[in-house]
Amino acid sequence: MSTTTLAVLVPLLPFLGACAGLAAGRRAPGFVRPLAVLPTVAAFALAVLVAVRQGGGVGPDAINAATELTPTGNALLPIDLAFHLDGFAVLVAVLVGLVATCVQLYSTGYLRDDRRYPSYAALVSLFTAAMLLVVYSDDLIVLLVGWEVMGICSYFLVGHYWETAAARSASLKAFLVTKLGDVPFLIGILALASEAGTFRISTITTRLTSQLSDFELSHPTVIALLLLAGVAGKSAQFPLHSWLPDAMAGPTPVSALIHAATMVAAGVYVVARLLPVFTASAAALVVLAVMAALTMVGSALAALAQDDVKRVLAYSTIGQLGYLAGALAVGNRSAATFHLLSHGAFKALLFLAAGVLIAAAGTGSLTAMARTSGLRGRAPDAFWTMTIGLLALAAIPPFSGFFSKEAVLAAAEHAALDPVAGIPVAAGWIVLVAGLATALLTAAYATRLWLLAWAGRSPAAATVAPTELDVPDTPVTAGGAGPEARAQTHPGTAATTPMNAVLWLLAVPSLAFGLLYGWLADWFAGPSLAPTLTTSVLGTGLALIGALVTYAAWRQATAVGRTPDPTPALLGPLHQPARAGFHLDAAYDRMFVAPVRGGARLVDFLDREVVDAYVRGAATLPGWLGTLARRAQTGNAQTYLSVLLAGAVVLAVAVLAAGA
Amino acid sequence: MHLAYPAVLAALLFSVGLYGVLARRNVVLVLISVELMLNAVNLNLVAFDVWLRDELHAGQSLTLFTIAVAAAEIGIGLAIVLLVYRNRGSSNLDELRDLVERDPGDDNSDGDAGDNTSRPTASAAAAPKGEVTA
Amino acid sequence: MSGLVLLGAERGFLSPTGVEITFLLVGLVTLGGAVLAVTSRQLVHAALWLVVALGGIAVLYLLLTAEFIAWVQVLIYVGSVVVLLLFGLMLTKAPIGPSPDADSGNRWVALAVALATAATLVTVVVDAFRTAWIELDVPQGTTEIVGRSLFRHWVLPFEALSLLLLAALVGAIVLSRRKKERR
């Protein structure tokens, strides 16, 4: 089979699997698991095969294949079912396939007692297909289709535990917020296509980067900012990030797949694909850089103050996506993709391990976990893999996160110190400073998470722990491990073998993927991704400082306070706002929801009291006439006859008068 | 003789009968008024027949027929009046008001209209059901 | 109506013949009887005033040379219809003596309608027939003439009418027969 055929099969297989799974779900429950796992595994294998055959490289090395999908009425602007397989696409596809496979395997154990497992698995498959379509697609409209299918899958999967109000509102919020970004995104796509004269991404980028042609977009800033809105929605960047922490109400594997590794990365991936469009506008790059910086620092602070494990991880996802956006803001997509890949691996690992941890502890609350001893013994695999994941997250060498983050920081430093044409120096500095600050904070919250979750040994532990265990349905924070704890077996039950296997499978790239930086730079045919000395020392030093300070604060908190949480001491007055996500939701509520509500009330008032007044007024006159007509119905035959004859006389007189 | 005399007289008689039909309460008196109207028409028929010297004497024949029909009508009419009186205890026309418009929401007790079950109306509600006289 | 308006005819209304005078007088009596019949407060009196009106009409038939009709009128109307009406009054327990509520509240409407009808009809009739003249030299309604036309030209309606009468008879019996209590 040709590479193109294989590439077609990659998204097609999970799609067919999803259809079959949906069809089989109720009737043949036995087929559900194979139908969920096998197509995904096959797609993963094919993605690897495609990657091997493509062999890396971008631009001329890419494999292009297209067939016209539908005419648009403009012969010059057709929609093609087009693939563009370059080094980035094939590797991201491999990541998607890997994470999807892991999640499907993990779900067979994690959701084994769930009634809605068939639809869940089918939706995950459908999501995988859509994501792979987005990754491979060369056509903006086809990409948008996959993009929206992902959105709707995310909506359904976040609302998987729709019995709980938190899940319902979280799914709605996720859907609406991402749609808020998608509308400008669609407009941006159409504007871009109409200016570039094609929907093909490869054609657009070729024209923009080619030295020979003088092709220039006439409104690059507008287009870039419109696209950026969609990216911010999908990738949970400030100010549209607020849906992601709430989306943790979904099952943990979904959080791992969609809200950590793949879908949220899709926005950044699209920017990477369309990077020439963004580099055409310095303003857009600065906006992207500022957005990334705000997102990074803010989310890291928020992550430090969260109590729920999954919310910590969600904010950390937002922050890492900020790194990706920052790398793109300095125009280095190799670094962005590198970090995307490694982050996808270790964040999926963290989420899946967190799922095991939550199941073992029976709660998602870190405070509660800190009072529980022996979690380490109850979930040893989760402990070790999560430790690896957290080290990767904190960018400690030689874990993968170190190399990829160093690549980003190096790119920022490069942009800041050696100005390159087209990349604003300001963007470089912003990203560099924010990235270093975030490195510190990331290490801090990773340490805190590890200490609170696994090192629980408070003086009261011996007495508190049993009560915690006896109450599996302990109310937890809105992050919503509650339904999971309920859907799961009893807390403390060991994870199944496939779940642990998946954890170790994902631990490998988290551990070692970063060492491939040299090979990756060749693969991307881009600049070197090797860590530079300055940023390495700075970043690692800061990370170590963050970790050590957190450890010291934790020791002190454990020694004196009732709560072992080191954050209040670390953040001081910032703690409360950070805990509430800097009250952004409240601000949005005040800025948008309240005025809309007020407007709705006004419209409602106008409708009821003004518009309806006319309607009621129009009804009053016929009503009165009707009352009069009813009055005439006396039931007395003589009255009727009188009226009848009077009418006859009047008619006769009228006829006579007319005849006269 | 001027044709106007019988014609005008017939018109006046008809109007008098009309007044009676519309103004009288008692059903028997209404029937009396109906007879007056019929007679007014008869007078017209005869007068025009005589005036036209009709070969077939259609006017006079029709008068005879009308008289016969009037006799039948008075018989049937009186029978109905008696029946109503027996059921309602009243032969006043303005008390027979079953067709009156009621407020929606009032009961519409549907005893079928054909048989003798009485339907109390607003004014005759107190009339004893199925009261039989004579 | 004033005769002055109608003077255009070949025979004026101001020089009435003897028959016309008689007709006028009897007509007035008839009209008076009719008016009293529809206004009397005593129900039985109303029926009796009806006799006067019907009898007057019979006389008018005679004046119009329709003697057969006149006798039929006397026989059927005065003889039987009025008797039936009197029976009807009696069976419905009509009060003897004046009953103040003989007229309904509809009276003034009825009066207005009746006056309007009278005005319209009289206007039309007078306008149409003020010049028409009835020659009364040859009797037009003797028993022979009426019988001849009835049994020569009008046999079928006549027989149909007998059926109608029969039906009415049966109907009247059915209606007025007291039903047995079914329940």
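Could you go through the stretch A:462-471 and let me know if any residue there is at pLDDT 75 or above and either among the polar types (S, T, N, Q) or farther than 19 Å from A:Thr567 by Cα (or both).
no
Of all residues in the stretch B:90-97, none are in contact with a His (Cβ under 6 Å, 6 or more places away or on another chain) and either away from chain A (no Cβ under 14 Å) or assigned to a helix (DSSP H, G or I) (or both). Among residues that are more than 26 Å from A:Tyr517 (Cα to Cα), of a type outside the set (Gly, Ala, Ser) and modelled with pLDDT of 80 or more, A:Leu98 is not included. Of the numbered criteria (1) more than 18 Å from A:Ile141 (Cβ to Cβ); (2) small (Gly, Ala, Ser); (3) out of contact with any helix residue (DSSP H, G or I) (no Cβ under 9 Å at 6 or more places or on another chain); (4) at pLDDT 80 or above, the one A:Ser210 fails is (4). The residue list C:Leu136, C:Leu64 contains one member that is in contact (Cβ under 8 Å) with a residue 60 or more places away in the chain and under 17 Å from the mean Cα position of the chain (by Cα), which is C:Leu64. Among the criteria (1) surrounded by fewer than 24 Cβ atoms within 10 Å (Cβ to Cβ); (2) in contact with a Pro (Cβ under 8 Å, 6 or more places away or on another chain); (3) modelled with pLDDT under 85, the one A:Ser2 does not fulfil is (2). For the stretch C:139-154, which residues satisfy the criterion of being more than 8 Å from chain B (Cβ to nearest Cβ) and β-branched (Val, Ile, Thr)? Within the stretch C:139-154, C:Thr142, C:Thr143 meet the criteria. Only one residue in C:Leu36, C:Leu43 is within 9 Å of chain B (Cβ to nearest Cβ) and touching a residue at least 12 places away in the same chain (Cβ under 8 Å). Which one? After applying the criteria, what remains is C:Leu43. Within the stretch C:155-168, the set of residues being more than 7 Å from chain B (Cβ to nearest Cβ) and within 16 Å of B:Gly77 (Cα to Cα) comprises C:Leu166, C:Ala167.
Can you find a residue that is buried (at least 24 other Cβ atoms within 10 Å of the Cβ) and at negative phi anywhere in the stretch A:172-179?
yes
Taking the stretch A:331-387 as the range and being of a type in the set (Val, Ile, Thr) and assigned to a helix (DSSP H, G or I) as the test, the residues that pass are A:Thr337, A:Val356, A:Ile358, A:Thr367, A:Thr385, A:Thr387.
Filtered by the rule that a residue be among the small types (Gly, Ala, Ser) and surrounded by 15 or more Cβ atoms within 10 Å (Cβ to Cβ), the stretch C:141-183 gives C:Gly141, C:Ser149, C:Ala168, C:Gly171, C:Ala172, C:Ser176.
You will find that of A:Arg207, A:Arg200, the residue that is surrounded by 18 or more Cβ atoms within 10 Å (Cβ to Cβ) and without any contact (Cβ under 8 Å) to a residue 40 or more places away in the chain is A:Arg207 and no other. For the stretch B:33-42, does any single residue satisfy the condition of being modelled with pLDDT of 90 or more, under 19 Å from C:Leu48 (Cβ atoms), assigned to a helix (DSSP H, G or I) and touching a Lys or Arg at 6+ places or on another chain (Cβ under 8 Å)? Checked against the condition, which is being modelled with pLDDT of 90 or more, under 19 Å from C:Leu48 (Cβ atoms), assigned to a helix (DSSP H, G or I) and touching a Lys or Arg at 6+ places or on another chain (Cβ under 8 Å), the stretch B:33-42 yields at least one hit.
Does any residue of the stretch A:225-234 turn out to be crowded, with 24+ Cβ neighbours inside 10 Å and farther than 22 Å from A:Leu180 by Cβ? No; the residues of the stretch A:225-234 include none that is crowded, with 24+ Cβ neighbours inside 10 Å and farther than 22 Å from A:Leu180 by Cβ. Count of the stretch B:69-89 residues, restricted to those that are within 14 Å of chain A (Cβ to nearest Cβ) and closer than 24 Å to B:Met37 by Cβ, is 4. Scanning the stretch B:10-49 for residues that are more than 7 Å from chain C (Cβ to nearest Cβ) and among the aliphatic types (A, V, I, L, M) yields B:Ala10, B:Val21, B:Val27, B:Val30, B:Val34, B:Met37, B:Leu38, B:Ala40, B:Val41, B:Leu45. With respect to (1) of a type in the set (S, T, N, Q); (2) more than 7 Å from chain B (Cβ to nearest Cβ); (3) assigned to a helix (DSSP H, G or I), the lone exception for C:Ser80 is condition (2). A count restricted to the stretch A:253-291 and to residues that are within 17 Å of A:Pro424 (Cα to Cα), touching a Gly at 6+ places or on another chain (Cβ under 6 Å) and of a type in the set (A, V, I, L, M) stands at 0. Considering each of A:Asp585, A:Asp612, A:Asp565 in turn, give the residue that is at pLDDT below 80 and either under 21 Å from A:Phe238 (Cβ atoms) or not assigned by TED's automatic domain parsing to the domain that holds A:His241 (or both). A:Asp585 is the lone residue from the list that is at pLDDT below 80 and either under 21 Å from A:Phe238 (Cβ atoms) or not assigned by TED's automatic domain parsing to the domain that holds A:His241 (or both). Selection of the stretch B:50-68 for residues being more than 7 Å from chain C (Cβ to nearest Cβ) and either surrounded by 24 or more Cβ atoms within 10 Å (Cβ to Cβ) or assigned to a helix (DSSP H, G or I) (or both) yields B:Leu52, B:Ala58, B:Gly59, B:Leu62, B:Thr66. Within the stretch A:388-423, the residues that satisfy the criterion of being not aromatic (Phe, Trp, Tyr) and not in a helix (DSSP H, G or I) are A:Ala394, A:Ala395, A:Ile396, A:Pro397, A:Pro398, A:Asp418, A:Pro419, A:Val420, A:Ala421, A:Gly422, A:Ile423. A count restricted to the stretch A:311-338 and to residues that are of a type in the set (A, V, I, L, M, F, W, C) and closer than 15 Å to A:Gly233 by Cα stands at 5. Would you check which residues across the stretch C:83-114 are within 23 Å of C:Val52 (Cα to Cα), more than 7 Å from every other protein chain (Cβ to nearest Cβ) and modelled with pLDDT of 85 or more and list them? C:Val83, C:Leu86, C:Phe87, C:Met90, listed by residue number. Checked against (1) more than 7 Å from chain B (Cβ to nearest Cβ); (2) more than 14 Å from the chain's Cα centre (by Cα), C:Val51 meets all criteria but (2).
The values are calculated or read from the model by the stated rules, or taken from the named source; none is laboratory data. The model shown is predicted, which means the values in this text are computed figures rather than measured ones. Note that each Cβ is placed from the backbone with ideal geometry, even for glycine, and that neighbours are counted across all protein chains shown.
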